[in-house]
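Engineer: This is the structure I have questions about; it appears just below.
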Amino acid sequence: MTDSENVRQALEVITLDVIKRVKAAVNAGADGIYYSTQVIQDTRLGHADFDEFVAATDKQVLKAANQLSDTNILHICGNGGARNAISWFENYPASIVNWSVDTEDISLDEGKEIFPGKIVLGGFGNTAKDVLYRGTQSEIQQFAKRLVQEAGADNLIIGANCTVPRDIDPQHLQWAIEAVQKESEGLKSYE
């Protein structure tokens, strides 16, 4: 057996275990899953390796999740500054796609072009250094408003690029929600 075959076999076992966990979560009442993945962070491995080892197993998990729920999010993780070839994920079977707009330097509007017909999610940085965590009400709401104006309200969910710090002030999230709702309503009234 080659190293590739061993890796593929190990990934298949992991994939089947993840699918069991997805089923348990949805059966316990979850609306869907937030599936986190990324490009292999090793320059010795390319797109073909990604397709063979990562995409194949990711798609298996997402297809299983889609049989249970229509609300599944593909999170293309940029944690720690990890860079991803976002276009490699364009054919993933997820209705909502989230990535780090800052790390990847791909706006929500550009993401709509990469993922046509899908909902894009994100826009706010997710660290303690970012406006969602540290900003004033005015700063957070202006940022949220700008995100909606740039990307348009259709097929858009404004949120963080990843999970937010646990100690974030919930009021900061409420300010962002209020601004997005107000801006989205304003855009729809002009249509």
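The values are calculated or read from the model by the stated rules, or taken from the named source; none is laboratory data. It should be emphasised that the depicted structure is a prediction, and the values quoted were computed from it without experimental measurement. For neighbour counting, all protein chains shown are included, and Cβ atoms are generated from backbone atoms with ideal geometry for every residue, glycine included. What goes into the accessible areas is simple: the full protein's heavy atoms, side chains included, and nothing from ligands, DNA or RNA. Shrake-Rupley method; radii C 1.70, N 1.55, O 1.52, S 1.80 Å.
Engineer: Taking the options Gly135, Gly117, Gly123, Gly111, name whichever one is free of Cβ contacts under 8 Å to residues at least 60 places away in the same chain, open to solvent by less than 40 Å² (accessible area, probe 1.4 Å) and farther than 18 Å from Ser36 by Cα.
Structural biologist: Details: Gly117 fails: open to solvent by less than 40 Å² (accessible area, probe 1.4 Å); Gly123 fails: farther than 18 Å from Ser36 by Cα; Gly111 fails: farther than 18 Å from Ser36 by Cα.
The conditions single out Gly135.
Engineer: Can you pull out the residues in the stretch 63-85 that are touching a strand residue (DSSP E or B) at 6+ places or on another chain (Cβ under 6 Å) and among the hydrophobic types (A, V, I, L, M, F, W, C)? Break it down into steps so the answer makes sense when it comes.
Structural biologist: Of the stretch 63-85, the ones touching a strand residue (DSSP E or B) at 6+ places or on another chain (Cβ under 6 Å) are 73-77, 84.
Listed by number, the residues that qualify are Ile73, Leu74, Ile76, Cys77.
Engineer: Determine, yes or no, whether Ile157 is open to solvent by less than 80 Å² (accessible area, probe 1.4 Å), touching a His at 6+ places or on another chain (Cβ under 7 Å) and at pLDDT 95 or above.
Structural biologist: On the way: open to solvent by less than 80 Å² (accessible area, probe 1.4 Å): yes; touching a His at 6+ places or on another chain (Cβ under 7 Å): no; at pLDDT 95 or above: yes.
In short, no.
Engineer: Another question, then. Return the total of residues in the stretch 38-52 being buried (at least 17 other Cβ atoms within 10 Å of the Cβ) and more than 17 Å from Ala160 (Cβ to Cβ). Give the derivation first.
Structural biologist: Within the stretch 38-52, the subset buried (at least 17 other Cβ atoms within 10 Å of the Cβ) is 38-39, 50.
From what's left, more than 17 Å from Ala160 (Cβ to Cβ): 39, 50.
The total comes to 2.
Engineer: Among the numbered criteria (1) in contact with a Gly (Cβ under 6 Å, 6 or more places away or on another chain); (2) modelled with pLDDT of 95 or more, which single criterion is violated by Leu16?
Structural biologist: Unmet for Leu16, out of (1) in contact with a Gly (Cβ under 6 Å, 6 or more places away or on another chain); (2) modelled with pLDDT of 95 or more: (1).
Engineer: Shifting gears a bit: Residue by residue through the stretch 110-127, note down the ones that are over 20 Å from Arg83 (Cβ atoms) and touching a helix residue (DSSP H, G or I) at 6+ places or on another chain (Cβ under 7 Å).
Structural biologist: The initial filter retains those residues of the stretch 110-127 that are over 20 Å from Arg83 (Cβ atoms), namely 112, 116-119.
Within the stretch 110-127, Lys112 is the sole residue that qualifies.
Engineer: Can you report the number of residues in the stretch 12-34 which are among the hydrophobic types (A, V, I, L, M, F, W, C) and open to solvent by 50 Å² or more (accessible area, probe 1.4 Å)? Don't jump to the end; show me each part of the working.
Structural biologist: First pass over the stretch 12-34, keeping only residues among the hydrophobic types (A, V, I, L, M, F, W, C): 13-14, 16, 18-19, 22, 24-26, 28, 30, 33.
Subsequent filtering for residues that are open to solvent by 50 Å² or more (accessible area, probe 1.4 Å) retains 13-14, 16, 24, 28.
Within the stretch 12-34, residues that are among the hydrophobic types (A, V, I, L, M, F, W, C) and open to solvent by 50 Å² or more (accessible area, probe 1.4 Å) number 5.
Engineer: Restricting attention to the stretch 160-178, report how many residues are out of contact with any His (no Cβ under 9 Å at 6 or more places or on another chain), open to solvent by less than 70 Å² (accessible area, probe 1.4 Å) and aliphatic (A, V, I, L, M).
Structural biologist: Within the stretch 160-178, residues that are out of contact with any His (no Cβ under 9 Å at 6 or more places or on another chain), open to solvent by less than 70 Å² (accessible area, probe 1.4 Å) and aliphatic (A, V, I, L, M) number 4.
Engineer: Looking at Arg166 and the list (1) under 24 Å from Tyr92 (Cβ atoms); (2) not in a helix (DSSP H, G or I), which single condition is not satisfied?
Structural biologist: (1)
Engineer: Return a yes/no flag: does the stretch 73-94 have any residue that is touching an Asp or Glu at 6+ places or on another chain (Cβ under 8 Å), open to solvent by less than 60 Å² (accessible area, probe 1.4 Å), in contact (Cβ under 8 Å) with a residue 12 or more places away in the chain and over 23 Å from Ile157 (Cβ atoms).
Structural biologist: The answer is no; no qualifying residue exists.
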